[in-house]
Structure formats: C-alpha cells, structure tokens
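*Asks:* Mind looking over this structure? Questions follow.
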Amino acid sequence: MLCRSADLIAEAHASGSGIAAFNVITLEHVQAVAEAARRTGRPAIVQISQNAVRHHGGDVMPLATATTAAAGGSDARLALHLDHVEDVALLHRTAECGASSVMFDASRLPDEENIAATREAVRWAHGQGLFVEAELGEIGGKGSAHTPGARTDPGDAARFVAETGVDALAVAVGSSHAMVSRTAALDLGLIARLRDEVPVPLVLHGSSGVPHETLRAALAHGMTKINIGTLLNVSFTRAVRATLAESPDLVDPRRYLAPARDAMTDAVADCLTALGTPGAR
Ligand code: G3H
Ligand code: ZN
C-alpha cells in the first residue's frame, strides 16, 4: 500500500529500527523493492532522484506512476520520495507525482545560501503537506570535487534545522556516494552527537558503501533513514553481464532483466533484514 514517508520515518525514529530508502531507475528496480518489502514484511521508501528523472527525459511521471501503482497493488508498506532535487521545477512536481516527501538539495551552495534556498523550499512544501529532507555538509561522491572527508558540525546542523524548518537532515559522517565495495567507516560518535543536538531524524546517504554491521551501529547511535542506491545497480549489472556472457546471442531483454530484477530483490531483502526489527535500539 502507498504510505506517507512522514509516517514511516516517524515510526522508524521512535522505534530505532531505521527505515531504508532505495533509489530506483527502471521499472525492475521498483518491482524489486516492492517484492523485497513484501518478502521481509518491512516497510521501505522508494526514491527517484533528479538524475533518474533526467535519464527519463526530464519527466518524473512515468517512474513515479509505476511506483505508486506497484505500492497500491502490494501488501508491503511503501512510500515515494524524490531525492537530491536541486531543480525547483521538479520540487514543485512532488505532490502531483504521488510522492509524500522530497529531499531538497542545496548543499552545493555556501551554507548561508543553502539555508535561504532550503527555507523557501520548506515553506512551499509544507504548504502542500510534504515532508522535507535537506543536507548540510556535503556528502562526497556526487560526481564532482567533493571531499569524502566532509563532516557535519552538530551546532551548525541544529542551527540549520532551526532556521529552515526541515523535517529530516542528511549529514556527512563518513559515507560517500556510489561506492561499489562496503568499506566505508562511519564516525559513530559524531552520529550520537548529531542525534543529541538535532531535533529531527538523521539521514545517511551513500549507504551502499557501508557494511551491514556498521549500518546497524549507525541506527543504534541515532541514524534513522538509510539511503541505498548503488548496491541495486551493482546487483542488476552483475546479473545482466552473467546472463549475456552465458548466452551471447540473446536479444530478448526479458531474459536478462528477469535475473537482474531477482538479484536486486535479494540485495534489497538482505538490507531490509540486516537493518533488524523495530524497537531494536
Ligand atoms: O540519495 C541516495 C543515496 O545517498 C544512495 O547512495 O548510491 O551510494 O548507495 P549510494
Ligand atoms: Zn544521496
């Protein structure tokens, strides 16, 4: 069923169980998340990034409609979120595409400009009943010269939340986007300090590079929303490569997309299971 992100995040924040959010690119990604959530009995957030929208010709509706339809036809609790939205025109499509939350990402801007832009985004989004995530202390690996060593200062984070009114905050604590091996180390002490000073749920980006036991430790220290994207693509592409290597003459995409979808489903289910049971904190 299609749920509201705010409800899933509030439940995860209160129980300490965390909520995983998976970035989708193709219909098979959407189906994999829905099936893994059904199989494990755990809720999940499906995220569509601005980059994924660009891949689909700049129109959010096809993938968003697929997601809300998949959620509506499933017993699993699923919510739709727009991720890393920098473009205000896309922000303004959040509600109409069926998403109940959006990450407005002005983290490339200097902090004061990030605050002003985010405050305006929040003002608009709250008027639509939307939940807003933002980022302070840019998390590395987004494709430019951003340092993976960035860290979010707890005092700055508290001030950012107070001045913008955001509902959740993405923080830089050691993870980096687009890692294909699980070797990232997180600053758990910093996560605990952020939890103590920041009154809204914390979001970990770049979680594909974080070992499962470290993700569980991050939840225990106060992280709530766990964003995972690259891991699905690693599983997808590995399965496609293996299928095509085995059958080089194959041309029907269903023959390689089906194993790719199965591989993503297993990877998502592993993550959902690894994050543990509600109330684990
Ligand atoms: O916002 C999306 C996430 O931060 C995904 O990061 O692809 O490195 O797992 P990842
Ligand atoms: Zn991210």
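*Asks:* Leaving out ligands and nucleic acids, and using a 1.4 Å probe, what accessible area per residue does the stretch 5-274 come to in Å²?
*Replies:* 40 Å²
*Asks:* Let me ask you something else. How many percent of all Cα-Cα pairs in the stretch 1-149 sit more than 23 Å apart?
*Replies:* Tail of P(r) above 23 Å: 36 percent of Cα pairs.
*Asks:* Could you work out how far helix 253-274 tilts from the main Cα principal axis of the chain, as a 0 to 90 degree angle to the nearest 10?
*Replies:* So the helix axis and the longest Cα principal axis differ by about 40 degrees.
*Asks:* Taking a probe of 1.4 angstrom, what is the accessible area of Phe131 in Å², to the nearest 10?
*Replies:* 30 Å²
*Asks:* At 222 nm, what value in deg cm²/dmol follows for the chain if DSSP H runs of at least 4 each add -39500 (n - 2.57) and the sum is divided by all its residues, to the nearest 500?
*Replies:* Dividing the helical sum by the residues of the chain leaves -14500 deg cm²/dmol.
*Asks:* Additional query: Quick one: helix 230-246 against the long Cα principal axis of the chain, what's the angle to the nearest 10°, folded into 0 to 90?
*Replies:* On a 0 to 90 degree scale, this one is about 10.
*Asks:* For Thr183, what accessible area in Å² do you get when you roll a 1.4 Å probe over the heavy atoms of the protein chains, rounding to the nearest 10?
*Replies:* Here the accessible area works out near 100 Å².
*Asks:* For the stretch 5-274, what does the relative contact order come out to in percent, with C-alpha contacts under 8 Å and a separation of six or more?
*Replies:* 19 percent
*Asks:* Can you send over the carbon and sulfur percentage of the accessible area for the chain, probe radius 1.4 Å, protein chains only?
*Replies:* Carbon plus sulfur share of accessible area: 53 percent.
*Asks:* How do Met61, Met223 stack up against each other in accessible area, from largest to smallest, with a 1.4 angstrom probe?
*Replies:* The residues order as Met61, Met223, largest area first.
*Asks:* Taking every pair of Cα atoms in the chain, average 1/r, invert it to obtain the Kirkwood radius, and report Rg/Rh to two decimals.
*Replies:* 0.95
*Asks:* Can you sort Asp111, Asp83, Asp196 by 1.4 Å-probe accessible area, starting with the largest?
*Replies:* Asp196, Asp111, Asp83
*Asks:* Taking the Cα centre as origin and putting +1 on Lys and Arg beta-carbons and -1 on Asp and Glu beta-carbons, what dipole magnitude results for the chain, to the nearest 20 debye?
*Replies:* 600 debye
*Asks:* Next up: State the answer as a single residue: which of Thr26, Leu202, Ala267 lies farthest towards the positive end of the charge dipole of the chain, with beta carbon charges of +1 for Lys and Arg and -1 for Asp and Glu, about the Cα centre.
*Replies:* Value computed over the given set: Ala267.
The values are calculated or read from the model by the stated rules, or taken from the named source; none is laboratory data. These numbers come from a predicted model, not from an experiment. Counting neighbours? That spans all protein chains shown, and the Cβs are built from the backbone with ideal geometry, glycine included. In case anyone asks, the SASA skips ligands and DNA or RNA and just uses the protein heavy atoms, side chains included. Shrake-Rupley method; radii C 1.70, N 1.55, O 1.52, S 1.80 Å.
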